[in-house]
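Nothing in this text is a laboratory measurement; each read-out follows from the coordinates by a stated rule. Owing to the predicted nature of the structure, the values given are computational and were not obtained by experimental measurement. In this analysis, Cβ positions are derived from the backbone assuming ideal geometry, glycine residues included, and neighbour counts consider all displayed protein chains.
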């Protein structure tokens with residue numbers, strides 16, 4: 001299936017790989033974009049926006065990007081840090097007093113941003129729909145105890161990190177996370193990016209095609225373990241992303257709606273030193289915080305070696321061998337989407353899709369794309 005868009009000739013093989021995945025059905029619909037110091041050298045899209053293949057993936061198609069949303073929420077926090085509204089080394093309770101309850105007084109902002117707070121989900125009973133009530137959901141998190149000693153290890157805050165960071169943004173700025181992203185990030189940069197989705201955008205949202213079940217036998221796990229508690233508080237449901245209540249909610253860990261072009265431009269803020277086309281959101285000092293390593297080891301929830309800075313993951317060759325062990329930051333979404341920043345090369349790469357692949361961190365498809373990109377650019 002031919003793709004639309006454009007690319008520099010040096011990325012001919014990348015386009016061939018992309019089109020082959022579309023032709024084989026490995027991809028249903030997808031897009032990718034590469035920004036190098038403000039120049040879009042790849043902007044490709046193709047395939048279908050729905051399972052029945054009745055809607056083609058268009059230039060302005062947007063998709064729920066799952067945990068790639070966490071990067072957006074982290075950027076919002078860093079913008080607040082840049083403006084002096086938050087300090088990543090300060091206690092969360094300094095801004096959100098209620099959060100200090102139940103043994104959490106010492107948890108710092110950086111712990112929420114690096115998945116090391118011990119609060120990686122909600123105590124049961126808690127279901128997906130309970131996340132939609134932001135006020136109640138954040139109050140629940142403020143009241144509960146951490147599941148391990150904060151700061152000692154990472155345990156992926158799979159579905160609740162957006163509520164935690166969103167409440168910090170709200171307390172610090174007076175705006176909801178959704179509004180802050182719209183006003184302070186998307187509007188100045190002119191990017192098609194939002195937390196949730198507005199009703200007028202429903203007709204251009206691609207349908208999520210759920211993946212095979214997670215490769216985790218939940219029933220066999222220790223019910224007191226962080227992995228069991230995280231993946232049952234609440235139990236994830238990919239189908240929920242296709243519903244209107246999901247789209248209207250503020251799920252800063254899960255329901256960003258955007259495309260690859262918008263993500264590449266947005267996160268080029270990090271790759272390009274904080275300023276994009278005259279819009280300054282971060283300083284080099286604030287960007288340096290991202291690379292302040294907070295944890296390295298087997299994640300208590302995902303069960304694989306991970307390395308976290310503040311707000312983003314850092315390269316961990318054992319888990320993601322296709323990313324060079326260099327000054328790189330990234331994260332991705334359930335099913336395989338990824339956005340990766342290479343500040344030393346002023347390069348930003350983003351890939352999104354609607355047919356979710358197995359696993360949680362990247363996919364065979366994203367690995368193939370990034371391997372080729374790294375080869376071409378000699379990153």
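A full extension of the chain between residue 284 and residue 327 corresponds to an added length of 14.1 nm, given 0.36 nm per residue minus the alpha carbon distance. Both radii were evaluated on the Cα set of the chain; the Rg over Rh quotient, with Rh as the Kirkwood radius, amounts to 0.94.
For segment 262-379, the Kirkwood radius over C-alpha pairs fed into Stokes-Einstein at 25 °C and 0.890 mPa s yields D = 167 µm² per second.
In the chain, Cα pairs under 8 Å separated by at least six residues give a relative contact order of 24 percent.
Provide the FRET efficiency to the nearest 0.05 for the residue 39-residue 94 pair, computing r from the beta carbons and using R0 = 45 Å.
Working: r = 41 Å, r/R0 = 0.92.
The formula returns an efficiency of 0.60 here.
Could you list 355, 175 in order of exposure, starting from the residue whose Cβ has the fewest other Cβ atoms within 10 Å? Present the calculation step by step, with values, prior to reporting the outcome.
Details: 355 24, 175 16.
So the residues, fewest neighbours to most, are 175, 355.
Sorted largest first, the spans of the alpha carbon positions of segment 1-153 along the three principal axes are 56, 38, 26 Å.
Which ordering of 295, 4 is given by a fewest-first count of other beta-carbon atoms within 10 Å?
Working: 295 20, 4 14.
By the 10 Å Cβ count, ascending: 4, 295.
Fewest to most neighbouring Cβ within 10 Å: what's the order for 338, 32, 131? Could the numbers behind the result be given before it?
Details: 338 29, 32 32, 131 26.
Ascending Cβ contact count within 10 Å gives the list 131, 338, 32.
For segment 140-222, report the % of Cα-Cα distances exceeding 16 Å. Walk me through the numbers on the way to the answer.
Working: 2456 of 3403 pairs.
So the portion of pairs separated by more than 16 Å is 72 percent.
The stretch between residue 105 and residue 24 holds 23.9 nm of extra length on full extension. This uses 0.36 nm per residue minus the Cα-Cα distance.
Once the Cα atoms of helix 12-24 and of the chain are each reduced to a long axis, what angle between those two axes, in degrees from 0 to 90 to the nearest 10, is obtained? Between the helix axis and the principal axis of the chain, the angle is about 80 degrees. What's the angle, to the nearest 10 degrees (0 to 90), between helix 260-271's Cα axis and the longest principal axis of the chain? Once rounded, the angle reads 60 degrees. Based on alpha carbons, the Rg and Dmax found for segment 1-58 are 11.8, 38 Å. You can think of it this way: the chain between residue 238 and residue 152 has 27.9 nm of extra reach, that is 0.36 nm per residue less the Cα-Cα gap.
What number, in percent, do you get for the relative contact order of segment 1-142 if the mean sequence gap of Cα pairs under 8 Å and at least 6 apart is divided by its residue count?
On the way: 141 pairs, mean separation 20.1, N = 142.
Taking the mean separation of contacting Cα pairs over the length of segment 1-142, I get 14 percent.
Angle of helix 364-377 to the longest C-alpha principal axis of the chain, folded into 0 to 90 degrees and rounded to 10: 70°.
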